[in-house]
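Bear in mind that the values in this text are calculations on the coordinates, not laboratory data. This one's a predicted model, so the numbers in the text were calculated from it and none came from an experiment. Please note: Cβ atoms are built from the backbone with ideal geometry, for glycine as well, and neighbour counts cover all protein chains shown.
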Amino acid sequence: MSIIRDPSLAEAGIKKIEWVKEYMPVLRQIEEQFKKDKPFAGMRISVCVHLEAKTAYLSQVLAAGGADVATTGSNTLSTKDDVCAGLASQGHKVYAWYNATEEEYWEHLKKTLEFKPHIIIDDGGDFISLLHGECAAYGENLIGGCEETTTGINRLKAREREGTLKFPMMAVNDADSKHLFDNVHGTGQSVWDSIMYTTNVMLTGRDVVVAGYGFCGKGVAMRAKGLGARVIVTEINPWRAMEAVMDGFRVMKMDDAARIGEFFVTVTGNKDVITARHYEVMRHNAFLANAGHFDVEFSKPDLLAMSTKVEERRPFIDGYHLKDGRILNVLADGKLVNIVAGNGHPADIMDMSFALQAMGALHIAQKGKNLKPALYKIPVDVDRQIALMKSKAMNLGLDVLTPEQEAYWNGTGE
């Protein structure tokens, strides 16, 4: 039995799921193949991803392959109650609701693992943490799983180095069909969609500070530049810093950028990128937004300690009043701004990411029992297949190498 907030929202949730399906042609093709082949027959799959319409469709696709699926959300504020109701009304196990307490959040995750899955789909590594800790007993049937975030991959790499990882996991985030599109273009568009809608403030002509110039940071910086902002990048990596400069951005330390920025977006995956000393010099009414997985990139405890009061100024905007009269605006409580205060990545982009999740799960179902506990890349041929399917859906005309060109390319011809 599902644990959701309001079953009466089912019709609205179903409409949202049906809408995104229209823009996910690759996942629709995979669904049709799964219906025929039933590759997950007799298997149980637990899904922990931001629980909104696109995730619900992924759960439906896995179920179409014969799996018994249980779904929960990976963030307390990104869960959509109407989507939970819609998915549950179609017979799926759903354990989540919007704005769950910390205790409720972990109880929902544990409930999703309680039926002892064969495969997990994780986002950020919370399933992994539970299955290597207090919920280890729920992993007795586990073959392996998939992880799609940079943060989650880093956690898995740490366990792999320590020799404590108990089962094989597919690094979905490292696939080209994921990080080159989802991380860059999905994050770039959805971050600014949510910030501009939430603030109702012009971006053109303003100073934007992007902390981190990985794939996500590149997308955020590129979109801000395209919208007319003056963009500053902060980095710890010298190659990425040079790349940012050559892409047309200023690069400086956060200590210096903090004095200039009007919008700050953190996308590093690390903690305490912005702390008390930065708040001390920020401009009045600066906006702080995070697009990393966890809400630790700018220090809310530091900001709270410096504030005389905190008030909700607009939905998803909390104003922290400092002793000197300045106000610093925190968006989405420091959680993922693009999905907490917006609709998340476009369906067109998640089409590829969730196709990788589905095919990664298929790989685990077919070969996981023969794999050692480790972190594995999505097979190149699977990654390429998804890219070709998406290219075809986009009506892109691709050239094909001649036999002579193939031979030359492979070093076997003249």
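Relative contact order (percent) for segment 319-414, with alpha-carbon contacts under 8 angstrom and 6 or more residues of separation? Could the numbers behind the result be given before it?
Values: 31 pairs, mean separation 13.8, N = 96.
Rounded, it is 14 percent for segment 319-414.
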Quick one: plug the Kirkwood hydrodynamic radius of the chain (C-alpha pairs) into Stokes-Einstein at 10 °C, 1.306 mPa s, and report D in µm²/s. 71
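At 15 Å minimum axial length over the Cα atoms and a Kyte-Doolittle cut of -0.5, report the qualifying DSSP H helices in the chain, or say none. Working shown, then result.
Details: long enough: 10-21 (17 Å, -0.27); 25-37 (18 Å, -1.24); 53-64 (16 Å, 0.73); 102-113 (17 Å, -1.69); 150-162 (18 Å, -1.51); 187-199 (18 Å, -0.21); 215-226 (17 Å, 0.12); 347-367 (29 Å, 0.56); 380-393 (20 Å, -0.10).
Counting only whole DSSP H runs, the qualifying helices are 10-21, 53-64, 187-199, 215-226, 347-367, 380-393.
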Placed amide H near Val231: partners under 5 Å, 5+ positions off or other chain: Val208, Arg250
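Given R₀ = 25 Å, what would the calculated FRET efficiency be for Ala305 paired with Arg259, taking r from the Cβ atoms and rounding to 0.05? If you can, show how the numbers build up before the last one.
Numbers: r = 21 Å, r/R0 = 0.83.
Using R0 = 25 Å, I get an efficiency of 0.75.
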Specify which residue in the list Ala137, Asn154, Pro117 is farthest towards the positive end of the charge dipole of segment 112-167, using unit charges on the beta carbon of Lys, Arg (+1) and Asp, Glu (-1), about the Cα centre. Asn154
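Thr199: net charge of surrounding residues, Cβ under 14 Å, Lys/Arg +1, Asp/Glu -1, itself excluded? Kindly include the intermediate steps, with their values, before the conclusion.
Values: positive: Arg206, Arg313, Arg314; negative: Asp193, Glu262, Glu312, Asp318.
Result for the neighbourhood of Thr199: -1.
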Length added when fully stretched, Gln385-Asp6, from 0.36 nm per residue minus Cα-Cα: 132.5 nm
Segment 108-215 shape via C-alpha gyration tensor axes, a/c threshold 1.5: prolate
Rounded to the nearest 20 debye, what is the charge dipole size of segment 67-165 about its Cα centre when +1 sits on each Lys and Arg Cβ and -1 on each Asp and Glu Cβ? 240
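Based on Cβ point charges of +1 for Lys and Arg and -1 for Asp and Glu, what charge dipole magnitude is obtained for segment 13-97 about its Cα centre, in debye rounded to the nearest 20? Before the final figure, lay out the partial values.
Working: 11 positive and 9 negative charges, 23 e Å.
Once rounded to the nearest 20, the dipole reads 100 debye.
Let me make sure I get this right: for segment 261-315, a, b and c are the square roots of the gyration tensor eigenvalues over alpha carbons, sorted descending. Under 1.5 in a/c it's rounded, otherwise prolate if a/b > b/c, else oblate. Which is it? Write out the running numbers ahead of the final one.
Working: a/c = 1.44, a/b = 1.33, b/c = 1.08.
Since a/c stays below 1.5, the shape of segment 261-315 is classed as rounded.
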Hey, what did the chain get for relative contact order, percent, Cα under 8 Å, at least 6 apart? 16
Choice from Asp82, Asp176, Asp272 showing the highest fluctuation, given a GNM over the chain with Cα pairs closer than 10 Å: Asp272
If Lys and Arg each add +1 and Asp and Glu each add -1, what is the summed charge of the other residues whose beta carbon sits under 12 Å from the beta carbon of Leu398? +2
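Shape verdict for segment 31-189, please, from the Cα gyration tensor: rounded (a/c under 1.5), prolate (a/b greater than b/c) or oblate.
Values: a/c = 1.15, a/b = 1.11, b/c = 1.04.
Since a/c stays below 1.5, the shape of segment 31-189 is classed as rounded.
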Which residue fluctuates the most in the chain, going by a Gaussian network model with Cα springs under 10 Å, if the choices are Asn395, Asn338, Asn237? Asn395
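Using +1 on the beta carbon of Lys and Arg, -1 on that of Asp and Glu, and nothing else charged, what's the dipole of the chain about the Cα centre, debye to 20? Walk me through the numbers on the way to the answer.
Working: 47 positive and 54 negative charges, 31 e Å.
Dipole about the Cα centre, nearest 20: 140 debye.
What FRET efficiency comes out for the pair Lys38/Thr412, r = Cβ-Cβ distance, R0 = 51 Å, nearest 0.05?
Values: r = 41 Å, r/R0 = 0.81.
Calculated transfer efficiency: 0.80.
Can you give the Kirkwood hydrodynamic radius of segment 174-219 from its Cα pairs, in Å with one decimal? Provide the component values of the computation, followed by the final result.
Values: mean 1/r = 0.0869 Å⁻¹.
Result for segment 174-219, one decimal place: 11.5 Å.
Averaging sequence separations of C-alpha pairs under 8 Å and six or more residues apart, then dividing by the length of segment 182-248, give the relative contact order as a whole percent.
Values: 90 pairs, mean separation 23.7, N = 67.
About 35 percent, as a whole number.
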For the chain, modelled as a GNM with alpha-carbon contacts under 10 angstrom, which of Met202, Met359, Met389 fluctuates the most? Met202
Positive-end extreme of charge dipole, the chain - chosen from Ser353, Phe264, Ile364 (charges on Cβ): Phe264
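Quick check on the chain: helices-only [θ] at 222 nm, where DSSP H runs of length 4 and up contribute -39,500 (n - 2.57) each and the sum goes over total residues. Nearest 500, please. Don't skip to the end; give the middle numbers.
Values: 17 runs with 172 residues, N = 414.
Computed ellipticity for the chain at 222 nm equals -12000 deg cm²/dmol.
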For Glu312, put the label point 7 Å out on the Cα→Cβ axis and report which residues of segment 73-117 keep their amide N under 13 Å from it. 99
Stretched fully, the stretch from Glu104 through Arg283 gains (0.36 nm per residue minus C-alpha distance, one decimal, in nm) 60.7 nm
